[in-house]
Each structure stands twice: as C-alpha cells, then as structure tokens.
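The values are calculated or read from the model by the stated rules, or taken from the named source; none is laboratory data. Computed from a predicted model, the values in this text were never measured in an experiment. Note that each Cβ is placed from the backbone with ideal geometry, even for glycine, and that neighbours are counted across all protein chains shown.
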Amino acid sequence: MSTDLLSRVDETLAVCPQFRILLTGVGKSSLVSSVFNISLKDIDIAHDRAGRASITREYISPDNPRFILHDSQGFEPGSADNWAIVESFIRDRCRQDLQPKSRLHAIW
C-alpha cells in the first residue's frame, strides 16, 4: 500500500475507529457468520418466521472489532411498524450532531 493511502486510513481511524453497518434482508445470519466471523449462537435467528432482532443491539466480532453490526427485523407484507423502526434508526444514526463513531456508515 502506498504511504499516502496508509496515512489516510490512519486519519480516518483516528476520527472513527469503528464503522456501523445496518443489515437488512434475507440471509443476514449467514452473512454475519461468514463475513464477520460472529458465531451463529450469538445471533438471534428465527428460521420459521421473520427474525425478532433488536435494531439497537450491537454485534461486534472478537476477530475484527472495527465493525459494529445492527440487525433489522425482516420485512413482512403489510408490516409498517418495522419500517418505521428502521427509518427512525437510520434518521437517528445519521444526524450530523453525532460523533462520527456513533453514526451509521453503511446499509447492507
């Protein structure tokens, strides 16, 4: 890696040492387990229905604590309540008055 890129990474990590990612959609538990190396037993899974995850709960891999994951419940037809919860979470975590480390950085 170039020295310029490394200094940019160091600058970013000094301001924001962890990155928040909101997970949504199907197959999230498999994604979390495979990509972020978080054990399936540590993830709230409901195989026969939409998950009952708490969007405010933080999942952090012991192997890479730079990522903080938030899991949204599955979206069911006619379920406006969960949409409102997700929308509120996104609005709250994207406020400009928050420190960068507390903001939402990506939705996957």
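Annotations
- When the residues of region 71-98 are filtered to those that are assigned to a loop (DSSP other than H, G, I, E, B) and of a type in the set (S, T, Y), the one that is nearest to S33 (Cα to Cα) is S72.
- For region 64-108, the set of residues classified as more than 20 Å from V15 (Cβ to Cβ) and among the polar types (S, T, N, Q) consists of S72, Q73, S79, N82, S88, listed by residue number.
- Reported count of residues in region 1-39, each being more than 15 Å from H105 (Cβ to Cβ) and either within 16 Å of the chain's Cα centre (by Cα) or loosely packed, with under 11 Cβ neighbours inside 10 Å (or both), is 24.
- Candidate set: region 43-78, residues that are over 13 Å from the mean Cα position of the chain (by Cα) and surrounded by 13 or more Cβ atoms within 10 Å (Cβ to Cβ); chosen: the one modelled with the lowest pLDDT: I45
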